[in-house]
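In what follows, a single structure is set out as structure tokens and then discussed.
The values are calculated or read from the model by the stated rules, or taken from the named source; none is laboratory data. Everything quoted here is computed from the prediction, not taken from an experiment. Note that we place each Cβ from the backbone using ideal geometry, even for glycine, and neighbour counts take in every protein chain shown. Please note that ligands, DNA and RNA were not included when accessible areas were found on the heavy atoms of the full protein model with its side chains. Shrake-Rupley method; radii C 1.70, N 1.55, O 1.52, S 1.80 Å.
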Amino acid sequence: MIARLAGAVLMAGLATAGPSARQATFSARVEGVRIDVLVTDGGRPVPGLGPADFEVRDNGVLQTIDLVSLGDVPLGVMLALDASRSVNGEQLRNLRAAGRLLLDGLRADDRASLLTFDLAVALRAPFTSAFADVARALDETTASGDTALVDAALGAVLVADRDGGRNVVVIFSDGTDTASFMPADRVVQTAERSRVLVYGVAAPGVDDTGFLRALAAGTGGRLVELERAGDPGAAFRDILEEVRRRYLVTFTPTGVARGGWHRLDVRVNRRGARVHARSGYVSASQ
């Protein structure tokens, strides 16, 4: 059954993403803070890093890193796909094929979900390890209407964050938002305060990728801009492989006040390396 994520529901979800609801995302009470980090050099993930290779500052205060491990743990991957009228015919067939390729790359203990958007936002398959159900929902997807990209991003983040686990949202769009009512900056802010990692995939010719770029950067992901029309399957496959090569960096906050928004600064001691990590977290008050 397709769940329609109506505007009122999205607005309510954004309202509940206030301080009291967001405390559960990264609690600084006992268990510490875990950051999902990608380190690249020349565009390639850097392997073999340990705690001594990372530097983490919490609100400007240098922290002691407890643990660094490769993020090779079960994933929850949500495909959030543009199904507006411009995604039709061959492009829709290519998008379905790309989604199936990503599903084929998942492991038995992973989970997948499908959300599509045109004028409305629809959760077509909740998180499940029954990948055949997600593939079936993907094959049944049709294209029509305008593009509510910003609303869809909010819906995807809210659903993925409440599901729990290590969840990734892959958002594909072939155009600029034409139908959303949610403010883009508020949606980016909500995503930054979630536990969700967002990757954006923009089709060739997209004039304005600023929202997807900000959304990905704020959560520690990346924006992939396709250079030519065709099957985005390679991009989906590469994103999945990249996520499995990300590090999970854990620290227990010290020397900083509890409560509120904490700005994170994550660096590595490798010249030329680039770090992708979320911009901060919300700490529970004492």
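Packing here is the average count of other Cβ atoms within 10 Å per residue, and on that basis the peptides 146-159, 186-199, 105-118, highest first, run 146-159, 186-199, 105-118. The radius of gyration of the Cα set in segment 46-152, together with its Dmax, comes out at 18.8, 53 angstrom.
Accessible surface area normalised per residue over the chain is 44 Å², counting heavy atoms of protein chains with a 1.4 Å rolling probe. Remark: segment 162-256 carries a charge dipole of roughly 600 debye about the Cα centre, counting +1 on each Lys and Arg Cβ and -1 on each Asp and Glu Cβ. Between VAL46 and VAL39, THR40, ASP41, the built amide H atoms are under 5 Å apart, and every one of these is 5 or more places off in sequence or on another chain. Taking amide H atoms as placed 1.01 Å from N in the peptide plane, the amide H of GLY260 lies under 5 Å from those of SER283, SER285, each 5 or more residues away in sequence or on another chain.
With one equal scatterer per alpha carbon and no solvent term, the Debye-computed log10 I(q)/I(0) for the chain at 0.08, 0.10, 0.14, 0.16 1/Å reads -0.32, -0.50, -0.99, -1.27. Annotation: amide H-H contacts under 5 Å for GLY221 (H modelled 1.01 Å from N, sequence separation of 5 or more, or interchain): VAL198.
Once the Cβ-Cβ distance of ASP41 and THR64 is raised to the sixth power relative to R0 = 41 Å, the FRET efficiency obtained is 0.95. The packing ranking, built from the mean of other Cβ atoms within 10 Å per residue, places the peptides 59-65, 33-39 in the order 33-39, 59-65, highest first.
Electrostatic tally near GLY145: other residues with Cβ closer than 10 Å to its Cβ, Lys and Arg +1, Asp and Glu -1, net -1. Can you bin segment 125-196 into rounded, prolate or oblate? Criterion: square roots of the alpha carbon gyration tensor eigenvalues sorted a ≥ b ≥ c, rounded for a/c under 1.5, prolate for a/b above b/c, oblate for the rest. Oblate is the answer for segment 125-196, as a/c is 1.5 or above yet b/c matches or exceeds a/b. State, as an integer percentage, the relative contact order of the chain based on alpha-carbon contacts under 8 Å between residues 6 or more apart. Across the chain, relative contact order equals 31 percent.
Could you work out the local net charge near ASN94, counting Lys and Arg as +1, Asp and Glu as -1, over the other residues with Cβ closer than 15 Å to its Cβ? Cβ neighbours under 15 Å give a net charge of -1. Here the accessible area of the chain is 49 percent carbon and sulfur, with a 1.4 angstrom probe and all protein chains present.
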